[in-house]
Amino acid sequence: MPGRKSFLYWQAVVCALIFAASCGVAAAQTASPPPAVSVTPVVSRKVTETSDYVGRVTAIDKVDIVARVPGFIEERNFTEGQLVKKGDLLFRIEQATYKAAVEQARAALAKTKATEVNANLQLERGKELVRNNNIPQATVDQRAADEAAAQAGVMEAQAQLDQAEINLGYTEIRSPIEGRIGLESFSVGNLVQPSSGKLATIVRQDPVYVLFQASERDVLEYKRKILESRDTSAQVTIRIKLPNGSVYPHSGVNDFVDVQVDSSTDTVTVRAQLPNPERLLIPGGVVGVTVERGAPQSALTVPQSAVVLDQAGRYVLLVDAAKKVEQRRITTGAERGRDIVVTAGLKEGELVIVEGIQKVRPGQVVTANVVPGT
């Protein structure tokens with residue numbers, strides 16, 4: 001019996017130790033610190049209403065240089081790709097034939113002028129003779145007709161001289177605009193004529209146009225705001241995003257909205273004009289277009305990293321005054337860089353979780369580390 005009592009005693013001791021150990025583990029688990037998260041306050045900022053489109057850069061002025069008279073190219077006076085000014089000599093076509101034509105036309109003009117002088121003298125002499133009845137009136141009438149024909153001959157010869165001088169001028173092909181000239185299509189020594197096509201192309205690169213397609217709804221909304229403002233000359237600000245993702249440093253304004261809707265796309269062509277002093281916008285290139293409509297308005301914004309999307313929509317996790325996590329459904333608007341506009345569901349100053357969202361759940365107590373908004 002004494003042995004059995006001793007066994008029961010030690011069994012009780014072991015059970016007590018196991019119970020104490022388990023209680024210690026539970027206490028340790030209960031005492032673990034709450035998870036840490038980073039929060040940022042909901043802030044109110046001035047936000048401009050915008051719409052985003054895809055646009056294409058086009059040149060305001062683009063000229064294909066062509067030959068207006070036939071001949072061999074004698075000179076090329078530019079380097080491909082260089083900036084040329086209006087009036088700069090680009091090509092010279094052989095001139096000998098056209099100079100000869102000018103001299104021939106001048107000689108013909110001098111001859112017709114001499115004929116006119118003679119016809120005028122004969123007419124004046126006839127008028128004197130007819131007064132004394134020395135010649136019939138019919139002779140005077142014929143001399144008047146000859147004098148008129150001589151005047152017409154002078155006019156015709158003058159026109160031929162003008163045309164010859166014009167053709168001689170066409171042998172010097174000059175730039176009609178200021179811009180950058182592209183590749184030549186014909187080198188020195190080639191025979192060119194009007195049917196040869198373009199010799200080179202000049203593109204004006206500053207300023208430039210950007211064309212984009214806006215929905216009919218957007219255009220109607222824009223016109224409605226114009227009517228409400230009663231400013232028929234109002235324009236919207238246009239900003240450009242380059243293909244590498246950087247923001248173009250110069251803004252522009254819209255200067256044209258097409259007068260009809262494209263039936264194939266149900267969109268309206270809108271054109272904006274932008275300065276291009278650094279030649280960053282290349283005609284023919286594709287760019288992002290952001291249209292700023294109206295004056296800046298106050299709006300609540302949160303970092304995009306705080307917004308979670310599920311099947312029911314968008315929501316954020318907040319930390320309240322009791323350090324507990326709360327789920328809040330929100331309605332969002334346009335994106336503004338790394339932030340997003342919140343149109344409903346939040347109040348200014350509330351703290352939203354931006355880091356640690358995956359490790360917390362609604363109702364859980366957390367340790368909030370406040371970080372400044374972006």
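Since every read-out is calculated from the coordinates, none of them should be taken as a lab result. These figures come from a predicted structure and were not determined experimentally. No Cβ is skipped: glycine too gets one built from the backbone with ideal geometry, and neighbour counts run over all protein chains shown.
Things to note:
- Rounded to the nearest 20, the size of the Cβ-charge dipole of the chain about its Cα centre is 2140 debye, with Lys and Arg at +1 and Asp and Glu at -1.
- Charge dipole (the chain, unit charges on Cβ, about Cα centre) - positive-most of TYR53, THR367, HIS250: THR367
- Normalised by 2.2 N^0.38 Å, with N the number of residues, the alpha-carbon radius of gyration of region 91-210 equals 1.85.
- Net charge of neighbours whose Cβ lies under 9 Å from the Cβ of ARG174, counting Lys and Arg as +1 and Asp and Glu as -1: -1
- Relative pair counts by distance (%), Cα atoms of the chain, 10 Å bins: 4, 13, 13, 12, 12, 10, 9, 7, 6, 4, 3, 2, 1, 1, 1, 1, 0, 0, 0
- Helix axis angle, 2-30 relative to the chain longest principal axis, alpha carbon, degrees: 30 degrees
- Prolate/oblate/rounded call for region 197-356, Cα gyration tensor, a/c under 1.5 rounded: prolate
- With Cα atoms, 0 to 90° folded angle of helix 96-131 axis to the chain main axis: 40 degrees
- Note on region 85-139: dipole from Cβ charges, positive end direction compared against ILE135, VAL102, VAL117; the farthest Cα belongs to VAL102.
- Length released on extending from LYS198 to ILE135, taking residue separation times 0.36 nm less the Cα-Cα span: 16.3 nm
- Close amide H pairs (under 5 Å, H built 1.01 Å from N) link GLU49 with ARG293, GLN297, residues at least 5 positions away or on another chain.
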